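Please read the structure below before turning to the comments.
The values are calculated or read from the model by the stated rules, or taken from the named source; none is laboratory data. As the structure is a computational prediction, the values presented were derived from the model and not from experiment. Note: ideal-geometry Cβ built from the backbone for every residue, glycine included; neighbour counts use all protein chains shown.
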Amino acid sequence: MTHVEALPTWAALATAVLVLIGAALTLIGAIGTLRFGTFFERVHAPTLGTSWGTGSIALASIIFFSVLESRPVVHEVLIGVFITVTTPVTLMLLARAALYRERAEGSTRVPPHSVVRRARHLGAGEESGNDAP
Amino acid sequence: MTEAILVWSVGIAQAMLVIAMACNTYRLIRGPRAQDRVLCVDALYVSAMLLVLTFGIRTGSSLYFEGALVIAVIGFVSSVALSKFLMRGEVIE
């Protein structure tokens, strides 16, 4: 790493701390996928890595290259925005697919569709009841 | 001084990311059902993308950024296609 000799100490420290935070959060999320028991608990764990893990490492890269090339280098923002936008889409699709599969097998660990529908119906009835004079 | 700080921190971060990828791979192989495996593919490509970004910091070359962006895009498309397949049994209807 001979290219970093021109780097001031504060930039090196900021890059180091941000990279370590991001990697540690990603590691905690990965350990979460190992230790949680069911799929619907497990689906929460990787979002640690995709929210602040990605954000922190992208920020470290922005600081590092901006100071190194002494001009603003912000193209890592693209990765951060892209991951932030796409992760909820993927995980909601996946969770709905998993719920559909559990219900289709008649599993008792998820609420059946009729219970959800009745709850929605009751909630709507209460709301209309309150609105009525 | 700055070189030592950066070499050590980026090295430790890369080791942590590799351990995270190993955890995801273990769950990918062992995961009891298909949705667990798809979830771990998703987490695995995010960790790989972060590893490529730290390689970019380590070598000081901004070429690695394009690689990370391509991994992010392709990983998103593949995860959505796999979720769609689990839901409907077909990807494009």
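Below is a table of values for the structure above.
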item	result
Number of the exception - B:Trp8 against (1) closer than 30 Å to A:Thr9 by Cβ; (2) touching a residue at least 24 places away in the same chain (Cβ under 8 Å); (3) not charged (D, E, K, R)	(2)
Scan of region A:22-46 for residues that are surrounded by fewer than 19 Cβ atoms within 10 Å (Cβ to Cβ), more than 7 Å from chain B (Cβ to nearest Cβ) and in contact with a helix residue (DSSP H, G or I) (Cβ under 8 Å, 6 or more places away or on another chain), ordered by number	A:Ile28, A:Phe36, A:Phe40, A:His44
Qualifying residue in region A:87-96 (condition: small (Gly, Ala, Ser) and at pLDDT 90 or above)	yes
Wholly enclosed helices (runs of 4 or more DSSP H) of region A:1-116 bearing at least 2 residues free of Cβ contacts under 8 Å to residues at least 24 places away in the same chain and under 18 Å from B:Ile12 (Cβ atoms)	A:9-35
Residues satisfying the stated conditions in region B:25-65, i.e. in contact with a Gly (Cβ under 9 Å, 6 or more places away or on another chain) and more than 23 Å from A:Ile31 (Cα to Cα)	B:Gly56, B:Arg58, B:Ser62, B:Leu63, B:Tyr64, B:Phe65
Matching residues, region A:12-21, being within 8 Å of another protein chain (Cβ to nearest Cβ) and in contact with a helix residue (DSSP H, G or I) (Cβ under 7 Å, 6 or more places away or on another chain)	A:Ala12, A:Leu13, A:Thr15, A:Ala16, A:Val19, A:Leu20
Qualifying residue in region B:46-67 (condition: within 9 Å of chain A (Cβ to nearest Cβ), buried (at least 20 other Cβ atoms within 10 Å of the Cβ) and more than 16 Å from B:Leu17 (Cβ to Cβ))	yes
